[in-house]
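Here is the structure we will look at, set down as structure tokens.
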Amino acid sequence: MIGFIVPNQAEPLCPAESYVSRNLAQASIQRNFEVIKYQTRWAATLAAGFVVGLAWAGTASAQGKKCEEGCTPGYWRNHPERWDGVDDIADFTNTVVHTDSFNATFGVDISFSGLDDAATLLVAVAHGGGAPFNLGRHAAAGLASADAGICYPYSTSEVIDIYRDGIGADDGPLSLEEAKDLLESANELGCPLSNDPPDDRYCFGDNNDCPCGNDLPGTGCINSTGGGGSLDHHAGSTSVTLDDLELAATGLPPNELVLFIMGIEQIRFPFGDGLQCVGAGTLKIFRFLPAAPADGAGTAILGPGIVDFSCTMFEQPIGCIQPGDTWNFQTWYRDPAGPCGQMFNLTNAIQVPFVL
């Protein structure tokens, strides 16, 4: 059976299909490409009224399952912690890491990719502009998707082949735009991976050590609202390059002063109406000044621009956040009506491993 779709017929599944090679350069051919799943390698079959399909080996092919999952360049750009190779539990990819050189991975140089050899997969997936960068964005995202254990239509080697063919590094049938369309279609099939970052929160009020018995699991110690202050990821990534991380403190007394702090050490001891969980270690505790009030809903946001603030406002070089650093954050806040009478409290803390 030949790898193409006849109009109004069902799309083939993943089991192996033979493949017939054909040059795509015929001017009269309809170039309407879709992602189709087969188990053999490259080629395409063309005919009037047919949609062209490419062949590959999908991870679900043995079960005959249609591969209809893929994650966009935006997903991988916003979640560098999920493919940084630092934490096997947090990572979604197996061998592909965003710090790898794009050119080395795809076997090209700047004359093809438009990127210098120092540019990483993360740089490529976040790079704006048209050709050749739009193909590079989707190639980098496709590579990560193919390595993430989801039902992605292409294997990693086939993503590389599609890119090299479209960019002109190999003598294949695809134009740059056709290769981009194939990978873009695959990347936009729908991403099953979590949008939430790894949960690196710690120091909850659940250990019977809140100052006046005001323990509460899952947040900081109980405050005057009857709940506890919580610090968590709000938006963005842990990428130093993007510097788009936002941390949100919620459950605070409305309109009271709030101060975010940062340190390298994890500690735990009673402080005010709560627990101090961030320590100086061998450095110092850094404060994001000036303090500012929470909003009327009892929420305060730190970021984006946390990295830039640390590198311009804190003592240098020790306070400047760098790729590979792990910092701990916590929120101090005023609470004049708090249960223990100490006038202030703290949220839980969160550990943030920063990547390139």
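The values are calculated or read from the model by the stated rules, or taken from the named source; none is laboratory data. All values derive from a computational prediction rather than experimental measurement. Because the Cβ atoms are built from the backbone with ideal geometry, glycine has one as well, and the counts that use them run over all protein chains shown.
Numerical summary
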read-out	value
Answer residue from the stretch 298-356, given it is among the hydroxyl-bearing types (S, T, Y) and surrounded by 20 or more Cβ atoms within 10 Å (Cβ to Cβ) and is farthest from the chain's Cα centre (by Cα) among those	Y333
In the stretch 218-250, the residues that are surrounded by 23 or more Cβ atoms within 10 Å (Cβ to Cβ) and within 15 Å of A337 (Cα to Cα)	C221, I222, N223, G228, G229
Condition met for E256 (among the charged types (D, E, K, R) and under 24 Å from Q342 (Cα atoms))	yes
Matching residues, the stretch 202-257, being out of contact with any strand residue (DSSP E or B) (no Cβ under 8 Å at 6 or more places or on another chain) and not polar (S, T, N, Q)	C212, G213, G226, L242, D243, P254
Selection count where residues are modelled with pLDDT of 95 or more and basic (K, R), scope the stretch 250-298	2
Index of the failed condition, F329 passing every other in (1) among the hydrophobic types (A, V, I, L, M, F, W, C); (2) touching a Lys or Arg at 6+ places or on another chain (Cβ under 8 Å); (3) closer than 14 Å to F260 by Cβ	(2)
Lone qualifier among N195, N214, N208 - being touching a residue at least 40 places away in the same chain (Cβ under 8 Å) and either within 30 Å of P270 (Cβ to Cβ) or in the same structural domain as D335 (by TED's automatic domain parsing) (or both)	N214
The listed residue being of a type in the set (S, T, N, Q) and farther than 21 Å from V125 by Cα, out of N195, N207, N187	N207
Complete set of residues in the stretch 319-356 that are touching a Ser or Thr at 6+ places or on another chain (Cβ under 9 Å), aliphatic (A, V, I, L, M) and under 30 Å from V123 (Cβ atoms)	I321, V352, V355, L356
Qualifying residue in the stretch 149-159 (condition: in a loop (DSSP other than H, G, I, E, B) and surrounded by fewer than 20 Cβ atoms within 10 Å (Cβ to Cβ))	yes
Of residues in the stretch 208-247 being among the aliphatic types (A, V, I, L, M) and in a loop (DSSP other than H, G, I, E, B), the one farthest from the chain's Cα centre (by Cα)	V240
Among residues of the stretch 193-211, those that are modelled with pLDDT under 90 and surrounded by fewer than 14 Cβ atoms within 10 Å (Cβ to Cβ), counted	4
